[in-house]
1. Regarding residue 123, is this residue among the β-branched types (Val, Ile, Thr) and loosely packed, with under 15 Cβ neighbours inside 10 Å?
2. Would you tally the residues in the range 38-68 being more than 18 Å from residue 13 (Cβ to Cβ) and either in contact with an Asp or Glu (Cβ under 9 Å, 6 or more places away or on another chain) or at pLDDT 85 or above (or both)?
3. Going by the structure shown, is residue 31 modelled with pLDDT under 85, of a type outside the set (A, V, I, L, M) and more than 27 Å from residue 177 (Cα to Cα)?
4. Based on what the data block shows, is residue 97 at pLDDT below 90 and either under 22 Å from the mean Cα position of the chain (by Cα) or hydroxyl-bearing (Ser, Thr, Tyr) (or both)?
5. Being more than 19 Å from the chain's Cα centre (by Cα), free of Cβ contacts under 8 Å to residues at least 24 places away in the same chain and either more than 24 Å from residue 173 (Cα to Cα) or assigned by TED's automatic domain parsing to the domain that holds residue 164 (or both) is the requirement here; does residue 49 meet it?
6. Is one or more of the residues making up the range 52-74 free of Cβ contacts under 8 Å to residues at least 24 places away in the same chain, surrounded by 16 or more Cβ atoms within 10 Å (Cβ to Cβ), closer than 20 Å to residue 139 by Cα and in the same structural domain as residue 162 (by TED's automatic domain parsing)?
7. Please go through the range 126-136 and give me each residue that is surrounded by 13 or more Cβ atoms within 10 Å (Cβ to Cβ) and either more than 19 Å from residue 91 (Cα to Cα) or not assigned by TED's automatic domain parsing to the domain that holds residue 94 (or both), ordered by number.
8. Identify all residues within the range 122-135 that are within 12 Å of residue 96 (Cα to Cα) and out of contact with any strand residue (DSSP E or B) (no Cβ under 7 Å at 6 or more places or on another chain); write none if there are none.
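The values are calculated or read from the model by the stated rules, or taken from the named source; none is laboratory data. Computed from a prediction, not measured in an experiment: that's the story for all the values here. No Cβ is skipped: glycine too gets one built from the backbone with ideal geometry, and neighbour counts run over all protein chains shown.
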Amino acid sequence: MSLDTLLAALGDAPIADLSQRHVANALRARPRDRTSLQSFLSFLASEDGPKLTIAKPRQDPAAQRRRLQADIRKCRKRLHRTRDVVEARALIAVLISRIFTLPLSRVLSLKRSEVAVTPKAVTLWKDGEGLTLDEPLANVFREWISLAGSWRSPGYPWVFPSRDGLRPASEGSIAYHLKKRPSVSEADPGPS
């Protein structure tokens, strides 16, 4: 256990002499004991001991990128299979958020007046930064988002409206619509 390593490194010195260097050495020796070591350090701090912390482990940028790309592929496959307008809109919002690394709340607050839809391109935030959707996503955007009516009609002001259309969809509603729903074969066991 890294606690033993930590105390062994301290030797006969009092616990008040414990330093970040000792913590780093203990973590290097036993990286799997991070949580127990964190608990011990929290206990020390609560008992007026030295206030020591454990730095969060650095995440590998390549692993983060691979995870993001896998998530985008999964969303695109699900979008290709869906037949539900609400689920498709939720997936499109998540895809835009992930592809352009934008907060989902910013994507959900997108207004129809901020979008330029033409047969050749879809541009979001046309007066500001002007993000242009690439063709597979632009085509899906035109297909699913325009089902709410024409872009010129005085309908809802939001690209991703809530149920009542008076405000944008929330992150909670997007999460709700993206929960895995049982397929027809799983929901209906058939005649017994």
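1. It is false that residue 123 is among the β-branched types (Val, Ile, Thr) and loosely packed, with under 15 Cβ neighbours inside 10 Å.
2. 14
3. When the stated conditions are applied, residue 31 passes them.
4. Taking the combined requirement at face value, the residue does not satisfy it.
5. So residue 49 fails the test.
6. no
7. Of everything in the range 126-136, just one residue is surrounded by 13 or more Cβ atoms within 10 Å (Cβ to Cβ) and either more than 19 Å from residue 91 (Cα to Cα) or not assigned by TED's automatic domain parsing to the domain that holds residue 94 (or both), namely 126.
8. Matches in the range 122-135: 134 only.
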